[in-house]
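First the structure, in the form of structure tokens, and then the observations on it.
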Amino acid sequence: MIDVLIIGGGIAGMEAACTLHDLGFETLILEKEKQLGGHLRNWDTLFPTKRKASEVLEHYVKEIQQRGITVYLNTDVTSVKKQEDGTFELNTGREVQFKTKTVLMTTGYALFNAERKEEYGYKIYDNVITSADLEKILQTAKGELRSPSGNSIQSVAFVHCVGSRDEKSGNHYCSNVCCVTGVKQAIKMRQLLPEAQVFNFYMDLRMYGSGFEEMYREAQEQWHVQFIRGRLSEVAETIDKRLQLKAEDTLSARPLRMHVDLLVLLVGMESNKAAADFAQSCNLACAPSRFVQPKDFHIESNKTNVEGLFTAGTAIAPLSVFDTVNHAKAAALSVSEYLKKNN
Amino acid sequence: MNKFGFAPAKSRVIEYDSMHNQLLDYIIANEPSFSTCMSCGSCTATCSAGNLTDFNIRRLNIQIRHGELDGIRQEIDKCMLCGKCLLVCPRGINTRNAIMIIKKGIVNLGIE
């Protein structure tokens with residue numbers, strides 16, 4: 001029987017796997033995709049340092065390989081069943097069934113599907129993209145950056161809070177990291193397109209983390225990014241594929257109209273489908289946000305209502321890479337305590 | 001009286017201590033969602049009346065909170081009740097109903 005079975009091989013899963021392995025436990029990772037890394041694989045740079053996400057990813061993949069930790073790729077967990085003796089049985093799309101003493105759920109998040117905010121025109125207008133699309137574009141960008149319709153870019157607008165803080169999307173919560181991502185990407189656009197104007201439409205700028213506020217200031221001072229306090233009400237396409245934006249400039253209390261060549265929607269995080277599946281198969285408690293509900297948000301944030309089933313990272317809420325890695329490290333110690341007590 | 005000369009300027013300070021909040025209480029009692037506004041301005045951006053007049057439904061919310069009710073009756077009449085604001089509000093505020101409640105409140109509370 002395995003000591004710890006980790007569901008999800010993103011940074012949380014990999015960090016926890018390394019720590020648990022070093023503590024002497026038999027650890028195994030199940031990853032539904034064909035490679036480790038999760039969403040980070042699709043990200044170009046990380047805030048606030050602007051370092052390449054691939055550096056962090058390579059570090060973790062190397063650590064996993066050096067330790068010889070077993071990883072099952074292309075393995076989607078369909079159910080987690082707690083047994084009478086307190087252990088777990090997991091079913092996957094594969095023939096094999098997994099038996100384990102504990103489960104660590106590091107299933108991460110799902111990106112908000114921007115098509116649901118139809119008024120912003122994602123997948124309707126060519127030049128509306130999401131922050132995730134932009135990261136992918138930046139990963140491979142060579143030469144002059146042009147809009148998806150092939151036009152040169154003279155102006156770019158970022159829309160904050162797409163699918164977050166929005167009753168219409170069913171998401172009341174704030175996704176935490178989009179604000180600083182918007183600032184980071186706005187700086188990047190000014191660097192790549194020195195002639196272009198960059199606007200960020202925000203409701204509140206939540207620069208909660210270390211180095212975030214400094215980055216906001218840098219965007220204003222060094223890169224002249226223009227921040228407009230107002231939420232977009234609708235987007236329309238002009239005949240030359242530009243985008244007409246409507247908002248209120250709330251600080252001057254007047255309606256505003258603007259045309260841009262590229263619109264970037266800062267999409268938030270939503271609970272992963274895995275949370276709903278496990279909630280069904282093993283009565284895992286979820287919060288109203290649909291993310292996993294920790295047993296005690298302050299003292300036992302890695303435990304769930306199911307004894308022996310632990311969680312870490314963005315399975316519980318939208319988190320930055322910094323917070324995810326720390327939460328995963330803490331999860332490893334929480335699992336270790338449990339295993340020592342129950343062995 | 002004197003058409004020129006000096007007079008003490010009216011204070012521009014928002015006096016939180018002496019706020020007249022009868023109307024706010026009335027609106028919140030009848031349309032509780034009114035209190036959840038975060039001033040994003042989507043309503044004003046999409047407002048049919050706001051594009052042509054100085055009507056600003058977002059600012060109206062703040063003015064009512066401050067008890068600044070001078071000329072509110074004329075202000076509220078600029079709204080055409082088209083309901084577009086209701087469609088875009090991220091907090092799900094029933095803005096059109098709030099307008100109707102304000103109209104009723106003005107009459108019931110005897111606000112000029």
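No disulfide-compatible partner, judged by a Cβ distance under 4.7 Å, exists for the following cysteines of chain B: B:37, B:40, B:47, B:79, B:82, B:89. The calculated FRET efficiency for the pair residue A:55 and residue A:239, based on their C-beta separation and a Förster distance of 45 Å, comes to about 0.55. A straight line joining the Cα centroids of region A:280-343 and region B:1-40 runs 47 Å.
I'd like the mean, over residues of B:84-95, of how many other protein chain beta carbons sit within 10 Å of each residue's own Cβ. Before the final figure, lay out each step's value.
Details: counts 2, 1, 0, 4, 7, 5, 11, 5, 4, 1, 0, 0.
Per residue, the number of nearby Cβ atoms from other chains is 3 on average.
The DSSP beta bridges internal to the protein assembly as shown are antiparallel in roughly 45% of cases. Of the residues A:110, A:157, A:253, the one that moves most in a GNM of chain A with alpha-carbon contacts below 10 Å is A:253. Checking every one of the trypsin sites (Lys or Arg not before Pro) in region B:1-72 against DSSP loop status and a limit of 16 other Cβ atoms within 10 Å picks out B:3, B:10, B:12. Database remark: amide H of residue A:228 closer than 5 angstrom to the amide H of A:200, A:201, A:202 (H placed geometrically; neighbours at sequence offset of 5 or more, or on other chains; Pro and chain starts carry no H).
Between residue A:326 and residue A:151, the simple label model (points 7 Å from Cα in the Cβ direction) yields a spacing of 4.3 nm. Taking 0.36 nm per residue of sequence separation and removing the Cα-Cα distance, the residue A:65/residue A:23 pair yields an extension gain of 13.5 nm.
Once you wrap a convex hull around the alpha carbon atoms of chain B, what is its projected area averaged over all directions, in nm²? Each step should come with its number before you reach the end.
Values: hull surface 35.8 nm².
So the mean shadow area of the Cα hull is 8.9 nm².
Peptide A:222-233 shows a mean partner chain C-beta count of 3 within 10 Å per residue C-beta.
If you run the Gaussian network model on chain A, springs between alpha carbon atoms under 10 Å, then out of A:286, A:178, A:161 the most flexible one is A:286. For the protein assembly as shown, the Stokes-Einstein estimate of translational diffusion at 25 °C and a viscosity of 0.890 mPa s comes to 99 µm²/s, using the Kirkwood hydrodynamic radius over alpha-carbon pairs. Alpha-carbon geometry of region A:114-267: the Rg and the Dmax are 14.5, 44 Å, given in that order.
Pairs from the list A:117/A:329; A:273/A:303; A:246/B:10 with a Cα-Cα gap above 28 Å: A:117/A:329; A:246/B:10. Residue order for B:13, A:267, fewest other beta carbons within 10 angstrom first, comes to B:13, A:267.
The distance between label points at residue B:53 and residue A:305 comes to 5.2 nm (points 7 Å beyond Cα on the Cα→Cβ vector). This ranking places A:340, A:117, A:168 by how few other beta-carbon atoms lie within 10 Å of each, fewest first, which gives A:340, A:168, A:117.
Name the trypsin sites (Lys or Arg not before Pro) in region A:1-110 that are in a loop by DSSP and that have at most 16 other C-beta atoms within 10 Å, would you? Present the calculation step by step, with values, prior to reporting the outcome.
Values: sites: A:32, A:34, A:41, A:50, A:51, A:52, A:62, A:67, A:81, A:82, A:94, A:99, A:101; in loops: A:32, A:34, A:50, A:51, A:94.
Of the trypsin sites (Lys or Arg not before Pro), the ones in loops of region A:1-110 whose Cβ has at most 16 other Cβ atoms within 10 Å are A:34, A:50, A:51, A:94.
Mean separation of Cα pairs under 8 Å and 6 or more residues apart, divided by the residue count, gives region B:1-73 a relative contact order of 39 percent. Region A:211-235 and region A:1-22 have Cα centres spaced 38 Å apart. Across the options A:160, B:18, A:244, the greatest Cα extent toward the positive end of the charge dipole of the protein assembly as shown (unit charges at beta carbon of Lys, Arg, Asp, Glu) belongs to A:244.
Arranged from fewest to most other beta-carbon atoms within 10 Å of their beta carbon, A:85, A:240 become A:85, A:240. Prolate is the label for region A:229-312. Its Cα gyration tensor axes, ordered a ≥ b ≥ c, give a/c of at least 1.5 and a/b above b/c.
Exposed loop GluC sites (Glu not before Pro) only (DSSP loop, at most 14 other Cβ atoms within 10 Å): please give the longest stretch of chain A free of them, not including the sites.
Numbers: sites that count: A:84, A:95, A:144, A:195, A:307.
Longest site-free region, per DSSP loop and neighbour criteria: A:196-306.
The numbers here are math on the coordinates, done by the rules we state, and not lab data. Computed from a prediction, not measured in an experiment: that's the story for all the values here. As a convention, Cβ positions derive from the backbone with ideal geometry for all residues, glycine included, and neighbour counts pool all protein chains shown.
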